[in-house]
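Before any comments, here is the structure.
The values are calculated or read from the model by the stated rules, or taken from the named source; none is laboratory data. Worth saying up front: this structure is predicted, and the values here are computed from it rather than measured. When we count neighbours, we look across all protein chains shown, and the Cβ atoms used for this are built from the backbone with ideal geometry, even at glycine. Keep in mind that these areas ignore ligands, DNA and RNA; they rest on the heavy atoms of the full protein, side chains included. Shrake-Rupley method; radii C 1.70, N 1.55, O 1.52, S 1.80 Å.
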Amino acid sequence: MFAGLPELGISNGEDLKETLTNCTEPLKAIDQFQMENGILLPTLQSALPFLDLHGTPRLEFHQSVFDELREKLMERVATIAEGKDEDRYVKLEELLEKSFPLVKMPSIQPIVMQVLKHLPKVPEKKLKQVMADKELYKVCAVEVKRQIWQDNQALFGDEVSPLLKQYIVEKEAALFSSDLSILHNFFSPSPKTRRQGEVVLKLTQMIGKNVKLYDMVLQFLRTLFLRTRNVHYCTLRAELLMSLHDLDISEICSVDPCHKFSWCLDACIREKFVDAKRARELQGFLDGVKKGQEQVLGDLSMILCDPFACNTLVLSTVRNLQELLSQDALPRDSPDLLLLLRMLSLGQGAWDMIDSQVFKEPRMDLEVVTRFLPAMMSIVVDDYTFTVEQKLPSEEKTSLTYPTMLPETFSRYIQENRVACEIGLYYVLHIAKQRNKNALQRLLPALEEFCTAVFDNFLLTSFSSKENVHRHCLRLLNHLHQKVLASYMETLMKTLEPPKQSSESVKELYTLLKEKLEASKKSPPEPEEAPSLDLGLHPVTVPSTPSTPTTPL
């Protein structure tokens, strides 16, 4: 406990023990020891007997003085470090040399740690001693740990790894949450709200202003993204940069070539739309990548692969297509639309680019613009035409029926092109939010029963090989089980029963659904009006016709 005192010429318990062992008059020896090792203040000696009269133990008095002096010294260390004296760090290093031998003493340790914390460059020998001692390493400030980490990537990786795992678990939990709805979904939280998450804040603190540590974290994220293809690592890459931006850490933001691009894109994600002004700024950043600096495209592609960025780009694409329809214009006539497709293509190609280390923008298939998007617009026109037709007086109606077939170009590009697939998926989600049953049944396999379209020929085709589909099926049924025919529900429950190797989250969802079904059998819901069509789910009416082909997002 008192190791290190002899090195400083201060007596410890062993010295007292030796004195008492060898002396002939113990009381005199104790008095002498107290005189030599007490507070060296002459006027104090005459005052101490008064404390004795009040029954105050000497230990209590000395401890209170010690605590007060320790606080004063720690404040003085901070004051010196924050001052402007050129020799301020020399003073701190001298204090470190004197105090470090006592670093294992609990009462002195805070002072040593305070000095270490305020030294921008701790002597290498001292850093190694701290790193080699688990207890010291654990209690030292993050400012000291940064100096250790920057030359010990493996140790830093051990510290960061649990946080990265925690981040993925939290993102998966949010994605598969049973509390999500149209009004509050995975993409609802604003970028700034997301950056207040525990993992992002901890990583930001661990990095501080250290560019080397920041680069290490980015390399960890690239490696994990490459190994797992998990796009949440792309989200964290963007969130981390913008968290440092929020704190105005210019030492890092000024050297990250993606900073201004991410800042602009972050504003678009906040608004869930890329307006014309920001589109020009984003295009300027992409066009400004100079020869010899192409490696930055790897990081830009990761930032664009972030699901929150993809969500914003595709929502903006759908909105852009709606505006083109109202203007009787074609997709190829819109520079903003072409930029959105360019960024989507760059984001979709992130994994391939980082894997191949060939830093070149993927070539965009022009037929996505000239054939796929016009085909998609024709689907929107068909839907709008049918809806208007239904609102006409009976004498003006024709025998128009809702189309069931999809343009061949649309179906082919959905299967062959990643950007087209992403846009098509979001359009399906868009019409699902609008409760447009006709359009949804046309885009999903065009079958008679709605449940058959959604489950048998869409979700259940891949649930056994993809656990995320299995989880989404169970989530969907947890919300809709009361609207599904009992006979069909029974079939679905048998089909979706988790095998032994399934994860706990899938088993929990299945158990929750089972409990809900048993509860509903005991207390059946109030009878509702019979649906107008004999479907597995109660049909949903199409909302009143808006002034544009589809309701704006």
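Can you give me the angle between helix 307-326 and the longest principal axis of the chain, using Cα atoms only, in degrees from 0 to 90, rounded to the nearest 10? The two axes meet at around 30 degrees.
Spatially, region 83-114 and region 389-445 are offset by 72 Å when compared through their Cα centroids. Solvent-accessible area per residue in the chain equals 56 Å², computed with a 1.4 angstrom probe and all protein chains kept. Counting only aspartates and glutamates at least 8 places from Lys521 when in the same chain, those with an alpha carbon closer than 13 Å to its own are Glu490. Between the helical axis of 13-22 and the longest alpha-carbon principal axis of the chain there is an angle of about 20 degrees. Taking packing as the residue-averaged number of other Cβ atoms within 10 angstrom, the listed peptides 66-72, 194-200 run from highest to lowest as 194-200, 66-72.
Ligands, DNA and RNA left out, the 1.4 Å accessible surface of the chain is 55% carbon and sulfur atoms. Ordering 358-367, 314-323 by mean Cβ neighbour count within 10 Å, with the highest value first, yields 314-323, 358-367. Expressed in units of 2.2 N^0.38 Å, where N is the residue count, the Cα radius of gyration of region 264-336 is 1.21. Among the listed pairs Lys117/Lys145; Lys192/Lys212; Lys437/Lys516, those with a Cα-Cα distance over 21 Å are Lys192/Lys212; Lys437/Lys516. Each of Ser503, Val160, Leu485 was scored by the projection of its Cα onto the charge dipole of the chain, and the greatest displacement toward the positive side belongs to Leu485; charges sit on the C-beta of Lys, Arg, Asp and Glu. Here's the picture: charge each Lys and Arg Cβ at +1 and each Asp and Glu Cβ at -1 in region 42-112, and of Phe61, Leu92, Met74 the one pushed furthest to the positive end of that dipole is Phe61. Each of the peptides 81-90, 434-443 was scored by the mean count of other Cβ atoms within 10 Å over its residues; in descending order, highest first, they stand as 434-443, 81-90.
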